[in-house]
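Contents: one structure, followed by commentary.
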Amino acid sequence: MDPAGLGVGIIGLIGLFGSCIEMVERWNSYKEFVAESGSLKARLNAERVRLQVWGKKVGIDKDLSKKGCHPALDDPSIRSAIETLLRSINNLDENASRIAPHLEQLSTAPGLPLCENSHSSQPTKLLESSRRMSRIVWALRGKGRATMLVVSFEILVQKLHDLVPIPKAIANFRDGGADAISSSEEKNAPWHVDAQRRLADLEKHIHLEIRKDLMNWIDAQGTEGIYRDRIERRLKNTCDWVLQTTEFRQWHSRENAKILWINGPPGYGKTILAARTVEHLSQDPNINLAYYFSSAETQYRADPLTVIRAWVSQLTMRTQQGYNLAREKWERADERTASLFDIKELFKVMLQNIRCTLVVDGLDECNATNGNQTHGASLSEFLNYLITTTSEPRVKLLIVSRNELTIRDGLFGNGNDMKKHLLELQIRSKDINNDSITFARTIVDRKLSNKPEEQREQLTNQLVDRCDSMFLGIKLLEDDLTGGKNFKQLQRVVDEAPNKLDFIYDRNWEKIQSHEQGRRHRALWILRWAAFARRPLTVLEMTEALLLNGRYDECEELDYEELPDTIDSIYLKTEILDPCVSLVEIQPGSTPNLGDCTIHLTHFSILQYILRHIPIHSAGLIANEQLRSSNDKFQNNLIAETCLRYLNSWQTWKETKLEGRNCAAIQAFRAYATVSWPRHVRLDIDNSRDIIELVKKFFRPENQNWQSWRKVFDVSMNQSSFLKYDGTIDIGNPLFYASVLRLEYIFDYLMDEIGLDVNYVDSSNRTALLALAVGGSVKSVSDLLQKGADTNIASNIGATPLQISSVKGDVEIVRKLLQYGADPMLATKEGYTPLFLASMRGHLQIVEMLIKQGADLLRKTNAGVTALGIASYLGQLEVLKILLDGGADIHVSGMEGFTPLHVASFQGQVQVVKVLLEKGADPQRQNVDGRTALHMASENGHIEIVQLLLDSGALPDLKTDNNWTALHMASKNGCIEIVQLLLDSGARPDLKTDDGWTPLLLALVKDHIHLFELLDDNGATVNSVHPLYGRSALSYAAEEGSINSVKSLLKVGADPNSRDVFDRTPLFYATWRGNVEIFDLLFSMGTVPINFRDYYGSTCLSIAARHGHIDLLTHLLSMAEVDLCTKDDFGRGLLSCSAAPAIRKLLEDEASKRGLFLCTSGGVSHFSSPHKTIQWSCDVWASCLEDSHQLVEKVTQASDSDDHDDR
């Protein structure tokens, strides 16, 4: 070996050996290590001494000048092995530093290059490693780790002794004795293999320890258990619907779709849905997935930044790049637990370098604070941070939560540039309906296995419907569904489902209660309107209504100065949605205007919650379960009171303007209040008396506000057919309107105290009794009759109380009216008598009472219909029997001569027809145009009635005035059963109508193929032609383009060569339709040549060109015998048939192939030279000009003929 190289190598060993001695000295100096175990200290000291003695003996201690080196060191292989062992000892210091970061810092000596094989040209690597490690503090956490390091040190020292034994004579090594070890032997030596194995185990253990320390440093709250639990809870094939939604697929596949927000009401299974999406995403090996499930089960759910720690932890554990980034950050940090700043910084770096998908479920849980707004603000800040951070191009984010305003504002807030990359998927009950049925059926089958299948199915559907597909509502009922209950008891359990969902909204309710008084008051009124209004109020209606809410003073003036400056998204958020804390939502209205959006409770179960929690105004109490019913009445009365105070304000009816303000909300509430206030009035409750006094005050005749209300109310009331009026009503009758609204509680007040006449009529001649007949009670009608109400006063449309009661079926009111002299013969302007109206509706008792009172059974309406006729038409069988028994004429005919048998046959009233025939109705009776009941039944496909009529002697070939038989009508309708019945009864299949139609032709034009063979078998002539045009059935079929009809006709012998008056065969009509299949079929079976010309000189080729049938035209041009030189009788050539470029090019190309040249007049020439072609073309144009007058004359002569231009 080169002496210089040997010298450098020995010096390197000396430096490395010195580092090892210094390391052991440092280990021994740490108090915590010393205190760990006396035995470990003794073992460490012993091995330190052995190492020092070995170093002196072999001559590599620091004092190299005093003695020579061991002769074995002259061997490069031995020197290399010693270098490896010393490096391993030195690395123990570094490894210990990695896993013990809680003592003071070390100051390690830099290592030296050892030999020519140790990369002496790169000394900085070891130096950089040493400097980095100097920033890691040393500590041993636990006796197990200390023992492991000491054992490793002992093994390495022993291997040094084994490699270069101290007792051996130096001369033996200098002489190259038997103890010298070769390089290959050294690598395979047992000690070397064992050392490598132990070092590998040590490295693996240290790596695991580092990962543990990293996780402790990140300090993340894991939710793996929640995820696994939700996956196990999910029923098979549920939640898969979300993977097929447009929103999810776009988010999953499109690069610019960064964020997907899946939101829905509580109890809709969102967490299990989120777990399903995580499971789906985790199956993709190309997705680096990190997720977090926040719920009541997680300790730190109120801190949204816990989510970031969890994501960082998972990206560290699941990706090598994430691990490297986290370890680098950890090694530079001083804290035992990462600070918020460290986590945010590390998260940002990870998102910049790792393509990943982040999922968080239950983010709304981070807003649960029992009224404390701190975390709410934290959630907003978190969302802003999240939006900004996830804007990296390699990141996707999935959020699953309730539809909370805080989250919506954070995602869609003003100034958010990510809105265009954000998708929203709102979970509706219809989305989860199938999953809910599966879930409910699983519970029902398990708990009610002893019940019949039909009951279990019904309970499942009832449970899902009652809970509006809410999984939580279904789950809460599980314990109450017991097999010992009967079916009725189980149904009652289901009906009480919403009562168990209270706790879902406790958090929202607590936030509302924590509002300051004014905001809380506003929130409660918004909830009251959303819960109890007859229909959802618009934003404008709600805005104006809130001006009066809670004002119970005598002043009904509206302070329009309190209206917002404008109705915009900020107003909706801060003044409607925010106060109610996600218990209401705004849905799009009938127009894009925000003011027309409507306000709704976010879930039906909130109504039940409100009923048990909203304060009762009069007592300030909170309603409990026992007070729920009465509280519903109480809250409705509050709304009625608000409406009445609003309507009794002059500002409601006068035009009002505000300078520089958005006045859209002014009088917006008027339409709802005008119509709906009476429906909110409830009696027998604490605040009923106040409402009654308000109604009395409002209905005073001198009240101008009432008159204004009445005029607006009349518009809506005029939609009622019985209370309609003509013109305008200048002065209204309060008693009439009180009757319309069924305000019986103020009748005495209006008649006795105010003095209104019971028979007072308005300008439309309407009375209070007439209004009560529409919807009043028997008692109220009796009260007015006892006060002298006239029963026979008719309105200006002829309506009387008896007519209205008869059509409504109010038996007792009809009886009362008849007792007080009501006339049963009075009719409306249309001629409707009480008997006719009662017969129409099937009110048997009233029909009997009216007949007994002398009602005219033969009385017809203005349209000529009797009571018997309308009963027959509508199938009122029992009424029909009563009328017949009462003496009604069975043959009485109405307009156009229709008898009861006609109309019953037309409508298919089988039982009515039976009774009429049994009572002697004539089946041969014809109406004014000759139709019989058999015609009517055959035309409309009533098989059973046709059979009844034929059995009763109806003639099948009886003709109408136009010579239509029942068989004609049945063939046109396509009912094969009726056709068969008529043929079996002797109907003739060859009879023609006045227009020349046979049953076969009628079946053909309607494409009733199934009738062809039946009619042919019974003697129909398939080759009969239309008398006017001479067109055959086969021609009609070809024209209709029905291949099946053509085949069926050919099968029964139709002639493919038949010609009509225009010399057109079925082949021509197939060409006109452009159907290649029909054309080929007819051409193959006919004898007409392909170039045959019709009456106008048209050929199949010109017809195909004229109608633009490219496929058929191409097919024809492929036939060599087709003549391109043809001209019709008007001198038109093929190019004259179409201006379409594609058609012209097709013809010109084929002509070119045949050596022909076409022009518009139809002339052709064989190609010769270009000069001749040009000359010929000029001659043709001259010929065209010369013949122009003759062409015009031909066209004029043909203008009166059949539709040749279309052919």
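The values are calculated or read from the model by the stated rules, or taken from the named source; none is laboratory data. Source: prediction; values computed, not measured. Ideal geometry is used to build each Cβ from the backbone, glycine not excepted, and the neighbour counts take in all protein chains shown.
Tabulated results
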| read-out | value |
| --- | --- |
| Where a residue in region 941-970 is closer than 18 Å to Leu1002 by Cβ and its partner, wherever it lies, is among the charged types (D, E, K, R) and not in a loop (DSSP other than H, G, I, E, B), with Cβ under 6 Å and at least six apart | Met969/Glu939 |
| Candidates Ser893, Ser938 - the one that is under 28 Å from Pro989 (Cβ atoms) and buried (at least 16 other Cβ atoms within 10 Å of the Cβ) | Ser938 |
| Helices (runs of 4 or more DSSP H) within region 983-1056 that include 3 or more residues surrounded by fewer than 23 Cβ atoms within 10 Å (Cβ to Cβ) and at pLDDT 85 or above | 1043-1051 |
| Lone unmet requirement of (1) surrounded by 18 or more Cβ atoms within 10 Å (Cβ to Cβ); (2) in contact with a Leu (Cβ under 9 Å, 6 or more places away or on another chain); (3) under 30 Å from Gly897 (Cα atoms) for Asp957 | (1) |
| Pair list, Cβ < 9 Å and 6+ apart or interchain, from region 913-933 residues that are closer than 17 Å to Lys881 by Cα to residues that are surrounded by fewer than 15 Cβ atoms within 10 Å (Cβ to Cβ) | Val913/Glu944; Leu917/Asp951; Gly920/His891; Ala921/His891 |
| Lone qualifier among Lys808, Lys881, Lys852, Lys860 - being without any contact (Cβ under 8 Å) to a residue 60 or more places away in the chain, within 15 Å of Leu770 (Cβ to Cβ) and not small (Gly, Ala, Ser) | Lys808 |
| Failed criterion for Ser688 (all others in (1) touching a residue at least 40 places away in the same chain (Cβ under 8 Å); (2) within 43 Å of the chain's Cα centre (by Cα); (3) surrounded by fewer than 18 Cβ atoms within 10 Å (Cβ to Cβ) hold) | (2) |
| Residues that are closer than 11 Å to Ser1045 by Cβ and in contact (Cβ under 8 Å) with a residue 40 or more places away in the chain, drawn from region 999-1027 | Leu1004, Leu1011, Phe1012 |
| Boolean, Phe1092 is in contact with a Cys (Cβ under 7 Å, 6 or more places away or on another chain) and either surrounded by fewer than 23 Cβ atoms within 10 Å (Cβ to Cβ) or closer than 20 Å to Val1046 by Cα (or both) | no |
| Any pair with Cβ under 8 angstrom, 6 or more apart, that starts in region 569-589 at a residue that is touching a residue at least 60 places away in the same chain (Cβ under 8 Å) and in the same structural domain as Pro265 (by TED's automatic domain parsing) and ends at one that is assigned to a helix (DSSP H, G or I) and surrounded by fewer than 22 Cβ atoms within 10 Å (Cβ to Cβ) | none |
| Qualifying residues in region 1152-1174 (those that are part of a loop (DSSP other than H, G, I, E, B) and modelled with pLDDT of 80 or more) - the one nearest to Asp1111 (Cα to Cα) | Arg1154 |
| Pairs with Cβ under 6 Å, 6+ apart, first in region 154-167 and within 14 Å of His70 (Cβ to Cβ), second among the charged types (D, E, K, R) and buried (at least 16 other Cβ atoms within 10 Å of the Cβ) | Ile166/Lys57 |
| Subset of region 1117-1135 that is of a type in the set (A, V, I, L, M) and over 15 Å from Lys1145 (Cα atoms) - its residue that is surrounded by the fewest Cβ atoms within 10 Å (Cβ to Cβ) | Ala1120 |
| Scan of region 849-879 for residues that are under 51 Å from the mean Cα position of the chain (by Cα), within 24 Å of Ala822 (Cα to Cα) and part of a helix (DSSP H, G or I), ordered by number | Ala867, Leu868, Ile870, Ala871, Val879 |
| Selection status of Val464, buried (at least 23 other Cβ atoms within 10 Å of the Cβ), among the aliphatic types (A, V, I, L, M) and under 18 Å from Lys488 (Cα atoms) | yes |
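Residues are listed down the side, and each one gets a yes or a no for (1) among the charged types (D, E, K, R); (2) within 19 Å of Val360 (Cβ to Cβ); (3) exposed (fewer than 15 other Cβ atoms within 10 Å of the Cβ); (4) in contact (Cβ under 8 Å) with a residue 60 or more places away in the chain:
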| site | (1), (2), (3), (4) |
| --- | --- |
| Glu209 | yes, no, no, yes |
| Ala220 | no, yes, no, yes |
| Arg228 | yes, yes, yes, no |
| Leu235 | no, no, yes, yes |
| Leu243 | no, yes, yes, no |
| Thr246 | no, no, yes, no |
